[in-house]
Amino acid sequence: MIEKVKSSIAVIPARGGSRRIPGKNMIEFGSKPALAHAIGLVLQSGVFDGVLVSTDDPQIAECARSEGAQVIDRPAELSDDYTPIQPVIVHAIDSVPNAEVVCLVLSTAILLAPERLCRAHEMLLSDQSLDFVIGVRRFESPPQRGLLLDKNGFVSMQSPEMFNKRSQDLPALFHDAGQFAFGRREAWVSGKPSFTSRTRAVELPRWEAVDIDDPEDLIFAKLLFKLNNKNE
């Protein structure tokens, strides 16, 4: 049975500063900045009553408003490189007291299909025991057979007991795809962890889940975006 909620909103954190990729949130993909694409996919999903963009940057704020999002002015104490995401979400949703379901969407989730958000929203509302539903991606190679490199480039196995294990015999492992996290308001506010038995996952294909953290990620994302065309 689908649970009835008062309101579902999306929060997109998009501060102005970025050390590894300056201006990351406003880098253009096709004819629009990344943030505009993220807002667009959130609106296309059709499951939200509003989209909030938390920012400390006037240019980002202008872009957000032009794409139909509400801007939340982020204070300086929540805008440095070390601020975790949870207090940013809580600060944003303070302005929407009737929001019971809150989805964090990364501003660089430009390749994510809107239907993934629809699926996650349905999963959360169908199971009242859940705190979160997150997007995950399968590790491309079994991390159980991971290698360590010393300062001279020599290798050793992180788990030597896995040396004779075939890759196909090892259980698949997943990681947070860095695209979205649906959660109940009380879970966000109380700071509950999202990697627990009260969290379910939507597996994302690798071409939808590029976490843009460094210049190499950005190059790959631009290539995928071009291949997908996105009507640009």
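The values are calculated or read from the model by the stated rules, or taken from the named source; none is laboratory data. These numbers come from a predicted model, not from an experiment. Cβ atoms come from the backbone with ideal geometry, glycine included; neighbour counts cover every protein chain shown. Please note that ligands, DNA and RNA were not included when accessible areas were found on the heavy atoms of the full protein model with its side chains. Shrake-Rupley method; radii C 1.70, N 1.55, O 1.52, S 1.80 Å.
Assuming D150 fulfils every condition listed in (1) over 26 Å from C103 (Cα atoms); (2) within 21 Å of the chain's Cα centre (by Cα); (3) acidic (D, E); (4) open to solvent by less than 80 Å² (accessible area, probe 1.4 Å) apart from one, which condition is it? Every condition holds for D150 apart from (2).
Being surrounded by 17 or more Cβ atoms within 10 Å (Cβ to Cβ) and either of a type in the set (V, I, T) or assigned to a loop (DSSP other than H, G, I, E, B) (or both): is that true of I134 here?
yes
Scanning segment 122-131 for residues that are surrounded by 13 or more Cβ atoms within 10 Å (Cβ to Cβ) and assigned to a loop (DSSP other than H, G, I, E, B) yields a total of 3. Taken over segment 137-147, residues that are crowded, with 16+ Cβ neighbours inside 10 Å and more than 22 Å from V11 (Cα to Cα) amount to 2. Taking residues in segment 41-62 that are over 17 Å from A120 (Cα atoms) and without any contact (Cβ under 8 Å) to a residue 40 or more places away in the chain, and partners anywhere that are open to solvent by less than 10 Å² (accessible area, probe 1.4 Å) and in a strand (DSSP E or B), the pairs with Cβ atoms closer than 8 Å and at least 6 places apart or on different chains are A61/V53; A61/T55. Being open to solvent by 80 Å² or more (accessible area, probe 1.4 Å) and outside any helix (DSSP H, G or I) is the filter here; which residues of segment 159-192 pass it? Within segment 159-192, F163, N164, K165, R166, P171, F174, K192 meet the criteria. Considering only residues in segment 69-89 that are surrounded by 17 or more Cβ atoms within 10 Å (Cβ to Cβ) and small (G, A, S), the one that is farthest from S18 (Cα to Cα) turns out to be A69. On the stretch given as segment 193-216, residues that are open to solvent by 40 Å² or more (accessible area, probe 1.4 Å), modelled with pLDDT under 95 and either touching a strand residue (DSSP E or B) at 6+ places or on another chain (Cβ under 9 Å) or closer than 17 Å to A109 by Cα (or both) total 10. With respect to being buried (at least 20 other Cβ atoms within 10 Å of the Cβ), among the basic types (K, R), under 19 Å from the mean Cα position of the chain (by Cα) and more than 16 Å from N25 (Cβ to Cβ), R119 falls outside the description. Within the option set A38, A113, A64, A99, being under 16 Å from the mean Cα position of the chain (by Cα), of a type outside the set (F, W, Y) and open to solvent by less than 10 Å² (accessible area, probe 1.4 Å) holds for one residue only, A38.
Given (1) in contact with a helix residue (DSSP H, G or I) (Cβ under 8 Å, 6 or more places away or on another chain); (2) under 30 Å from S129 (Cβ atoms); (3) open to solvent by 40 Å² or more (accessible area, probe 1.4 Å), identify the lone condition not met by P13. Of everything listed in (1) in contact with a helix residue (DSSP H, G or I) (Cβ under 8 Å, 6 or more places away or on another chain); (2) under 30 Å from S129 (Cβ atoms); (3) open to solvent by 40 Å² or more (accessible area, probe 1.4 Å), P13 misses just condition (3).
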